[in-house]
Amino acid sequence: VQLQASGGGLVQPGGSLRLSCVASGRVFGRYGMAWFRQTPGNERENVGGINRSGGITYYLDSAKGRFTISREIAKNTMYLQLNSLKPEDTAVYYCAAGNPILSSINSADAYYYWGQGTQVTVSS
């Protein structure tokens with residue numbers, strides 16, 4: 001399995017971006033998937049994910065109401081829609097796939113596969 005993340009860029013506060021994570025190999029139905037972000041000197045932070053069946057999504061508290069995770073099975077792609085972006089959302093965003101237990105869902109170590117990261121910069 002390989003994951004390819006894209007869609008990052010420079011956006012003004014209040015703006016929007018849509019990140020994409022294209023998977024090669026069977027992912028949907030086999031693994032849960034998540035989006036993490038990381039800033040220099042900090043650990044990767046889980047901003048949200050979708051379970052293996054696609055029926056359940058969850059989000060970091062600061063992302064609720066602003067970020068939306070979806071997937072398009074026909075394109076083997078997961079999306080992260082970022083709305084109402086804030087400067088504190090600036091980070092490198094990564095997609096990941098794995099089957100973490102609930103208590104480890106926010107741990108980067110619990111995921112098997114990672115995309116290469118895409119930079120999101122929110123600045124005026």
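The values are calculated or read from the model by the stated rules, or taken from the named source; none is laboratory data. All figures in this text were calculated on a predicted structure; none of them were measured in a lab. Because the Cβ atoms are built from the backbone with ideal geometry, glycine has one as well, and the counts that use them run over all protein chains shown. These area figures cover heavy atoms from the full protein model, side chains too; ligands, DNA and RNA do not enter into them. Shrake-Rupley method; radii C 1.70, N 1.55, O 1.52, S 1.80 Å.
Taking 0.36 nm per intervening residue step and subtracting the Cα-Cα distance, what contour gain separates Leu10 from Asn51 on full extension? Don't jump to the answer; show the numbers that get you there.
Details: separation 41, 0.36 × 41 = 14.76 nm, distance 2.94 nm.
Stretched fully, the Leu10-Asn51 segment lengthens by 11.8 nm.
Computed 3J(HN,Hα) for the stretch 48-56, one whole-Hz value per residue from the Karplus formula 6.51 cos²θ - 1.76 cosθ + 1.60 where θ = phi - 60°, is x, x, 9, 7, 4, 7, x, x, 10, glycine and proline marked x.
Using 0.36 nm per residue of separation minus the Cα-Cα distance, give me the extension gain between Lys64 and Tyr112 in nm, one decimal.
Values: separation 48, 0.36 × 48 = 17.28 nm, distance 2.54 nm.
Computed gain between Lys64 and Tyr112 is 14.7 nm.
Of the GluC sites (Glu not before Pro) found in the stretch 19-124, the ones in coil according to DSSP and having at most 11 other Cβ atoms within 10 Å of their Cβ are Glu43.
Averaging over every viewing direction, what projected area does the convex hull of the Cα atoms of the chain cover, in nm²? Walk me through the numbers before you get to the answer.
Working: hull surface 27.8 nm².
Its Cα hull, projected and averaged over all orientations, spans 7.0 nm².
Given Cα pairs under 8 Å that are at least 6 residues apart, what percent is the relative contact order of the chain? Working shown, then result.
On the way: 300 pairs, mean separation 44.1, N = 124.
In percent, rounded to a whole number, it is 36.
Net length available on complete extension from Ile101 to Gln38 is 20.5 nm, with 0.36 nm assigned per residue and the Cα-Cα distance removed. Accessible area per residue for the chain is 51 Å², calculated with a 1.4 Å probe on protein heavy atoms, without ligands, DNA or RNA. The fraction of accessible area contributed by carbon and sulfur in the chain is 47 percent, rounded to a whole number (1.4 Å probe; ligands and nucleic acids excluded).
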